[in-house]
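Undergrad: Quick one: the structure is below, questions incoming.
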Amino acid sequence: MDDPLREVDLLATTSIPYAELRAGSDILDVDGVPVRVASIEHLIRMKRATGRSQDLADAEALSQLAGTDIVRIDEPDGT
């Protein structure tokens, strides 16, 4: 299937505490199934933390969708 709206990106580890992720998340309906998704800010932080080129490109695209080129970074190492 070549529908980008049906793609799922899983990040196995993150330095963001679960309680913070859950508090900022939204529940979306996907074909009648409620799915909890991370906020755009959290997605950007997690993708930047991986350092992979595709994730960095995704983070940039998400930043543009969020309407800002500057996103608050709270990672301990400043990235």
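The values are calculated or read from the model by the stated rules, or taken from the named source; none is laboratory data. Computed from a prediction, not measured in an experiment: that's the story for all the values here. Glycine also receives a Cβ, built like all others from the backbone with ideal geometry; neighbour counts cover every protein chain displayed.
Undergrad: Test R36 against the stated conditions and say whether it is under 13 Å from the mean Cα position of the chain (by Cα) and surrounded by fewer than 11 Cβ atoms within 10 Å (Cβ to Cβ).
TA: Criteria met by R36.
Undergrad: Evaluate the following for R72: is it exposed (fewer than 15 other Cβ atoms within 10 Å of the Cβ), at pLDDT 90 or above and basic (K, R)?
TA: Criteria not met by R72.
Undergrad: Just the residues that are assigned to a helix (DSSP H, G or I) and either surrounded by 10 or more Cβ atoms within 10 Å (Cβ to Cβ) or β-branched (V, I, T) (or both), please, taken from segment 9-22.
TA: Passing the criteria: E20, L21, R22.
Undergrad: Go through segment 34-50 and give me each residue that's closer than 22 Å to G67 by Cα and not in a helix (DSSP H, G or I).
TA: Correct list: V37, A38, S39.
Undergrad: Next question. Among the residues of segment 1-33 satisfying the criterion of being under 22 Å from G67 (Cα atoms) and of a type in the set (A, V, I, L, M, F, W, C), which is nearest to the chain's Cα centre (by Cα)?
TA: Of everything passing the filter in segment 1-33, L21 is nearest to the chain's Cα centre (by Cα).
Undergrad: In segment 35-60, what count of residues is obtained for those that are closer than 15 Å to A19 by Cα and of a type in the set (G, A, S)?
TA: 2
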